[in-house]
Amino acid sequence: MKKYLLLFVITFFVMSCSKKVDIKGKITGGSPLERIELIEASGVATLPLVNLGLDKDGNFAGSFEAPKNGMYEISYGGKRNLVYLKSGQSLNISGNGATFPMEYVITGDAKKNNEFFVATQKYLANYAQSVNIQELMTKDEKTFIQGLQKINNDIKVNIEQSVKKFNPDKDMIEWKEIDVASTILSIMGQYEIMKKMSGDPSFKVSKAFTDYEDKLQGDKDKMLKMSPVYRSYLLNKYNLDFQNFAKPKASKDPSITLSELFAEFLKSKKDVPQIKKDYLLSFIIAQDIRPGINSKASGKISKIIDEDIKDLEIKKGLKEIELAVCGLKIGDVAPEAALAKQDGKAYKLSENKGKPYMLFFYASWNPYISEATVPVLKEVVNFYKSKMNFVFVNVDDTKDQFVKTSNSLLKGIQGVNVYGEGGLNSDIAKKYGVYGFKLPCFVIIDKDGKIASRSFVNLGEQELVTILDKQTGLSAPKVDPNAQMQPQLQLDPSAMQQAPQPANPQPAPTK
């Protein structure tokens, strides 16, 4: 499909106030090289809230600020699942390294809500085997609605039974009800689009259809804030209208971004509340903010965030993902941060002023650091070291690990080895938008102490080599862009919100 067709991944949700959540547990047979991360599953542009390592016995512990009460994605070893958390709670979670977090045991004050969640999810997984949504989508409208009503009623009965058994909190029940309603609405939206795209663009659903949609949408604002599934449904409702709006504009200006098109489209919708515009536009913006985006497009998107997004929390989230994906704004003064050398003495980045330098962020547990990065890094340092400095910033969990890693991994490579106290929770990691999925990464600072590049995850990128040449006046030999086997940096919503699909009776069909 054209890039301006709105395509959405149905994901998960939630909501409330910000308080610390303590987390601890044990993964039997877990690997110290694997990390545990938690992400708020309802955010418009979610980023990891905490990144935890295991000790030699598989134990882990930490804390983070939970923005809202609700569903959080927990990931480990390439696997993902969901847990329900309330701000101020403690999460005691454990499992086996082979199956965690797809299977887990929770004790403590988060237990009853998650037992309710797991039980209802298991029911839906089993129920899905008896329902064929694809076949239901081919039926006439009356039969289709009747089929969805039966599905909804069956699920409600199970929810009521599970409430009696587990006694979950009221907001947990509310989340589940909104999740079910949003999923059914998304199926209805797909049905309507399918009918219109099957040869009859003038097709309109009946009053019975719209009445059922209205019935499923109790508190629309609450659903909008709590459920990405509901947001996807709303966006899909605009699909065909947006196609007609976007095609002529995109044909005149192929460089126009999806965010610009959708922002213009929403401005034409005078009856749409601002909060709805903010949530829907933020979804599209988060898709447009991607690694390697050119500075012109990035500037346009930043302007849209500043001018068109009114909700401060949504604006903040988009700014955070901008920093994580693109890095600091080129030309801005490189921020100072708390850093220490192996001997404990403080180190300031401003000590490099008068000479350009490269910041290299790394951690011992990153799988790409030794095999792919170090040999290329050594070549880069040897070539440019006469004209620039190199600062190697370790973000391991402890200073002891920093000392071990820097002494072994970077031995013989000219540069300054420093540590960010707190690892990925350190002052420097936050200021430079460094996360586990982004390691290792590189940023160039010019001789005046100003940001000279976006964040890079591959030393072989020609753009980075060009910047290094410009800053030093040297001319590097051509580098194989595949020299580093770096992971693809995926920060669009379909990746950042890859919480497992709600266990629908069956996934809604895609176009």
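The values are calculated or read from the model by the stated rules, or taken from the named source; none is laboratory data. What you see is a predicted model; the values in this text were computed from it and never measured. Backbone-built Cβ (ideal geometry, glycine too); neighbour counts: all protein chains shown.
Each residue in region 392-412 was checked for being at pLDDT 95 or above and either aromatic (F, W, Y) or on the phi > 0 side of the Ramachandran plot (or both), and 2 pass. Of everything in region 1-40 that is basic (K, R), surrounded by fewer than 23 Cβ atoms within 10 Å (Cβ to Cβ) and at pLDDT 90 or above, the residue that is nearest to Y238 (Cα to Cα) is K24.
Remark: pairs (first residue in region 182-211, polar (S, T, N, Q); second residue exposed (fewer than 13 other Cβ atoms within 10 Å of the Cβ) and not in a helix (DSSP H, G or I); Cβ separation under 9 Å; 6+ apart in sequence or on different chains) = Q190/T510; Q190/K511.
Number of residues in region 406-432 that are surrounded by 22 or more Cβ atoms within 10 Å (Cβ to Cβ) and assigned to a loop (DSSP other than H, G, I, E, B): the value is 2. Only one entry of P291, P254 meets the criterion of being part of a loop (DSSP other than H, G, I, E, B), more than 21 Å from Y435 (Cβ to Cβ) and at pLDDT below 95, and that entry is P254.
Which residue, of K165, K196, K156, is at pLDDT below 95 and either assigned to a helix (DSSP H, G or I) or within 24 Å of P228 (Cβ to Cβ) (or both)? Every option except K196 fails the conditions.
Among the residues of region 291-312, those that are within 21 Å of the chain's Cα centre (by Cα), of a type outside the set (V, I, T) and buried (at least 16 other Cβ atoms within 10 Å of the Cβ) comprise P291, A297, S298, S302, D311. P356 meets the conditions (1) in contact with a helix residue (DSSP H, G or I) (Cβ under 7 Å, 6 or more places away or on another chain); (2) assigned by TED's automatic domain parsing to the domain that holds G473; (3) without any contact (Cβ under 8 Å) to a residue 12 or more places away in the chain in every case but one. The failed one is (3).
Tell me, which residue of region 435-471 that is of a type in the set (V, I, T) and touching a Ser or Thr at 6+ places or on another chain (Cβ under 8 Å) is farthest from A337 (Cα to Cα)?
Residues of region 435-471 of a type in the set (V, I, T): 443-445, 451, 457, 465-467.
Subset that is touching a Ser or Thr at 6+ places or on another chain (Cβ under 8 Å): 443-444, 467.
Working: V443: 15, I444: 16, I467: 24 Å.
Filtering first and then ranking leaves I467.
A search for C-beta distances below 7 Å between a residue of region 233-251 that is assigned to a helix (DSSP H, G or I) and any residue that is modelled with pLDDT under 90 and of a type in the set (S, T, Y), counting only pairs 6+ apart in sequence or on different chains, returns A246/Y4; A250/Y4.
Can you confirm whether S202 is over 28 Å from G108 (Cβ atoms) and modelled with pLDDT under 95? The answer is yes for S202. Quick one: would you say Y279 is in the same structural domain as G433 (by TED's automatic domain parsing) and either buried (at least 19 other Cβ atoms within 10 Å of the Cβ) or within 23 Å of the chain's Cα centre (by Cα) (or both)? So Y279 does not fit the description; no. In this structure, S94 does not satisfy being touching a residue at least 40 places away in the same chain (Cβ under 8 Å) and surrounded by fewer than 17 Cβ atoms within 10 Å (Cβ to Cβ). Any residue in region 228-251 that is crowded, with 21+ Cβ neighbours inside 10 Å, among the charged types (D, E, K, R), within 27 Å of the chain's Cα centre (by Cα) and not assigned by TED's automatic domain parsing to the domain that holds Y72? The answer is yes; a qualifying residue exists.
This table checks each residue for (1) in a loop (DSSP other than H, G, I, E, B); (2) touching a helix residue (DSSP H, G or I) at 6+ places or on another chain (Cβ under 6 Å); (3) of a type outside the set (D, E).
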site	(1), (2), (3)
T210	no, no, yes
D221	no, no, no
K225	no, no, yes
Y230	no, yes, yes
Y279	no, yes, yes
I285	no, yes, yes
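Could you go through region 378-390 and let me know if any residue there is outside the structural domain of G62 (by TED's automatic domain parsing), touching a residue at least 24 places away in the same chain (Cβ under 8 Å) and closer than 15 Å to L339 by Cβ. The answer is yes, given that some residue of region 378-390 is outside the structural domain of G62 (by TED's automatic domain parsing), touching a residue at least 24 places away in the same chain (Cβ under 8 Å) and closer than 15 Å to L339 by Cβ.
Here's the yes/no breakdown for (1) modelled with pLDDT of 95 or more; (2) loosely packed, with under 14 Cβ neighbours inside 10 Å; (3) closer than 30 Å to F117 by Cβ:
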site: K450; (1), (2), (3): yes, no, no
site: E461; (1), (2), (3): no, no, no
site: T472; (1), (2), (3): yes, no, no
site: P477; (1), (2), (3): no, yes, no
site: A483; (1), (2), (3): no, no, no
site: Q486; (1), (2), (3): no, no, no
site: Q497; (1), (2), (3): no, no, yes
site: A503; (1), (2), (3): no, no, yes
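If you go through region 334-351 and keep only what is part of a strand (DSSP E or B) and surrounded by 13 or more Cβ atoms within 10 Å (Cβ to Cβ), you end up with L339, A340, Y347.
Kindly evaluate K156 against the criterion of being outside the structural domain of N92 (by TED's automatic domain parsing) and either closer than 29 Å to P168 by Cα or within 28 Å of the chain's Cα centre (by Cα) (or both).
Against the criterion (outside the structural domain of N92 (by TED's automatic domain parsing) and either closer than 29 Å to P168 by Cα or within 28 Å of the chain's Cα centre (by Cα) (or both)), K156 qualifies.
Kindly establish whether G147 is surrounded by 17 or more Cβ atoms within 10 Å (Cβ to Cβ) and farther than 30 Å from S198 by Cα. Judged against the criteria, G147 is not a match.
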